[in-house]
Amino acid sequence: MKAIVNTKYGPPEVLQLKEVEKPTPKTNEVLIKIHATTVNRTDCGFRKPEYIIVRLISGIFKPKKTILGSELAGQIEAIGKDVKTFKPGDQVFGLSTYNFGTHAEYICVTEHSSIAPKPANISYNQAAAICDGAFLAMAYIRKIDFSKKPKILINGASGSIGTAGVQLAKYFGAEITAVCSTKNIELVKSLGADKVIDYTKEDFTKNGQQYDVIFDSVGKSSYFKCKKIMKPNAIYFSSELGYLWQNIFLSLFTPIFGGKKVLFPIPKDTKEDIVFFKELIEAGKYRAVIDRTYSLEQMVEATKYVETGEKTGNVVITL
Ligand SMILES: NC(=O)c1ccc[n+]([C@@H]2O[C@H](COP(=O)([O-])OP(=O)(O)OC[C@H]3O[C@@H](n4cnc5c(N)ncnc54)[C@H](OP(=O)(O)O)[C@@H]3O)[C@@H](O)[C@H]2O)c1
């Protein structure tokens, strides 16, 4: 089968299209023919690698996992003898977050991994672009008390995590102020933002508004810059570690003292989340935002685009 293989860390050019052995499902696995996947910031972070912690997880000198890609949409081609919940021909979508391997024509995953039947009302391309941003955003959304319609500011609302965060916060009942650039204002309004601030024209920390939650989904701000716009018991989240990994340290200490705090949840993908996203999509309450679509052969080009940090929503790879 065709796959994008990286046997060493480095720039996008380390990603090479190769013929590799097609996997065979073990007794508890399904073999999925992948019709669409994505390139996301996690793929880029593990390829470079961006942080030393990636080398600890993925191999000190060279990557142990040589096929990246964490999102998939495709069709089950074969199943192991113990598989009960899927059958050949089923259309599925989901995540292979920490195992990667979706930048390939086929993948084997266990039946209990983070896959679910593809929503009937969307294409493979749309389905592939759902789960990464949504499961990352869910890690933050779960920490929010929605019982009193919190006022949430989402910075980077046009990115993969941001577009998911706006839609999920809207679904759970928040009042949302989204921050994005001029070209994405109408998009984030259509996803559910109540107010939009154009960061090219206005500094969102200087308009006198106060929030229950600040969710910096692109890690472009900081707790110290945002503290003055946080209500007394407000939460600050960032998807990035921040300068000198400050968000990790702040998340250890600020909750002890009460009042304003930083939380840094570690995202974990689950089948329950994927099933929940499926139900939201089928109810018309969630959609994937797709910026560009590339072929597997165009992986280097697609990756370079993702690394500009300027994509809107998601970048899909069609197989
Ligand atoms: N915590 C985790 O486990 C985890 C996992 C994966 C990724 N991440 C990190 O999370 C961050 C977001 O990931 P993502 O995939 O959502 O990113 P993304 O899709 O690449 O974000 C791109 C978006 O950010 C917007 N943006 C750029 N500069 C901005 C600024 N100064 N203010 C507001 N918006 C700005 C861009 O809009 P314009 O083009 O309009 O500027 C673009 O739409 C990344 O830094 C990534 O490394 C964290």
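Would you mind ranking Val5, Val166 so that the residue whose beta carbon has the fewest other beta carbons within 10 Å leads the list?
Val5, Val166
Who wins for biggest fluctuation among Lys148, Lys87, Lys22 in a Gaussian network model of the chain, springs between alpha carbons below 10 Å?
Greatest mean-square fluctuation among the candidates belongs to Lys148.
Can you tell me the 0 to 90 degree angle between the C-alpha axis of helix 131-141 and the longest principal axis of the chain, rounded to 10?
30 degrees
Go through Tyr124, Asn28, Phe46 and say which Cα lies farthest out towards the positive end of the charge dipole of segment 16-129; charges sit on Cβ, +1 for Lys and Arg, -1 for Asp and Glu.
Of the candidates, Phe46 comes out farthest on the positive side.
Report the percentage of all Cα-Cα pairs in the chain whose separation exceeds 34 Å, rounded to a whole percent.
Pairs farther apart than 34 Å: 23 percent.
Which of Phe249, Phe277, Phe215 moves the most in a Gaussian network model of the chain with Cα springs under 10 Å?
Phe249
What residues have an amide H closer than 5 Å to that of His35, excluding those fewer than 5 places away on the same chain, when H is modeled at 1.01 Å from N in the peptide plane?
Long-range HN contacts for His35: Ala73, Gly74, Gln75.
Can you put Asp273, Asp216, Asp291 in order of Cβ neighbours within 10 angstrom, beginning with the fewest?
Starting with the residue having the fewest Cβ neighbours, the order is Asp291, Asp273, Asp216.
Take segment 143-263, drop everything but the C-alpha atoms, weight them equally and run the Debye formula without solvent; then report log10 I(q)/I(0) at 0.14, 0.19 Å⁻¹ to two decimals.
Values returned for q = 0.14, 0.19 Å⁻¹ are -0.53, -0.99.
Hey, got a sec? Which GluC sites (Glu not before Pro) in segment 1-42 land in a DSSP loop and have at most 11 other Cβ atoms within 10 Å?
In loop regions of segment 1-42 (DSSP not H, G, I, E or B), the sparsely surrounded GluC sites (Glu not before Pro) are Glu21.
Does anyone have the angle between helix 246-257 and the longest principal axis of the chain? Alpha-carbon axes, 0 to 90°, nearest 10?
Approximately 50 degrees, to the nearest ten.
Under 21 Å Cα-Cα from Lys2, which lysines qualify once same-chain neighbours fewer than 8 residues away are excluded?
Straight-line reach from Lys2, under 21 Å: Lys18, Lys22, Lys26, Lys33, Lys64, Lys65, Lys304.
Rounded to the nearest 20 debye, what is the charge dipole size of the chain about its Cα centre when +1 sits on each Lys and Arg Cβ and -1 on each Asp and Glu Cβ?
My answer is approximately 780 debye.
Under 5 Å between amide H atoms, partner at least 5 residues away or on a different chain: which partners does Ile79 have, H built in plane at 1.01 Å?
Here Leu31 satisfy the definition.
Starting from the amide H of Lys48, placed 1.01 Å from N in the peptide plane, find each other amide H under 5 Å away whose residue is 5 or more places distant or on another chain.
Those qualifying (amide H under 5 Å, at least 5 residues apart or on another chain) are Gly10.
If you plug each phi of segment 223-230 into the Karplus form 6.51 cos²θ - 1.76 cosθ + 1.60 with θ = phi - 60°, what whole-Hz ³J(HN,Hα) values come out, in order, with x for Gly and Pro?
Ordered by residue, 3J(HN,Hα) equals 4, 5, 6, 8, 3, 5, 9, 9 Hz.
Roughly what angle does helix 160-172 make with the longest principal axis of the chain, taking Cα atoms, 0 to 90 degrees, to the nearest 10?
Rounded to the nearest ten degrees, it is 70.
From the backbone phi of segment 272-284, what are the Karplus-calculated ³J(HN,Hα) couplings (6.51 cos²θ - 1.76 cosθ + 1.60, θ = phi - 60°) in whole Hz, Gly and Pro given as x?
Ordered by residue, 3J(HN,Hα) equals 4, 4, 5, 5, 4, 5, 4, 5, 4, 5, 5, 7, x Hz.
Quick one: dipole size for segment 143-263, taken about the Cα centre, charges +1 on Lys/Arg Cβ and -1 on Asp/Glu Cβ, in debye to the nearest 20.
Computed charge dipole of segment 143-263: roughly 280 debye.
Ranking Tyr9, Tyr286, Tyr223, Tyr98 by Cβ neighbours within 10 Å, fewest first, what do you get?
Tyr98, Tyr9, Tyr223, Tyr286
How much of the DSSP bridge set in the chain is antiparallel, in percent, rounded to the nearest 5?
50 percent
When Rg is the radius of gyration of the Cα atoms in segment 231-289 and Rh is its Kirkwood radius, what does Rg/Rh come to?
Dividing the radius of gyration by the Kirkwood radius yields 1.15.
Which distance in nm do the two modelled labels at Asn207 and Glu50 give, with both placed 7 Å along the Cα-to-Cβ direction?
Each label point is offset 7 Å from its Cα along the Cβ direction, giving 2.7 nm.
No value in this document is a laboratory result; all are computed from the given coordinates. Computed from a predicted model, the values in this text were never measured in an experiment. Every residue, glycine among them, receives a Cβ derived from its backbone with ideal geometry; neighbour counts consider all protein chains shown.
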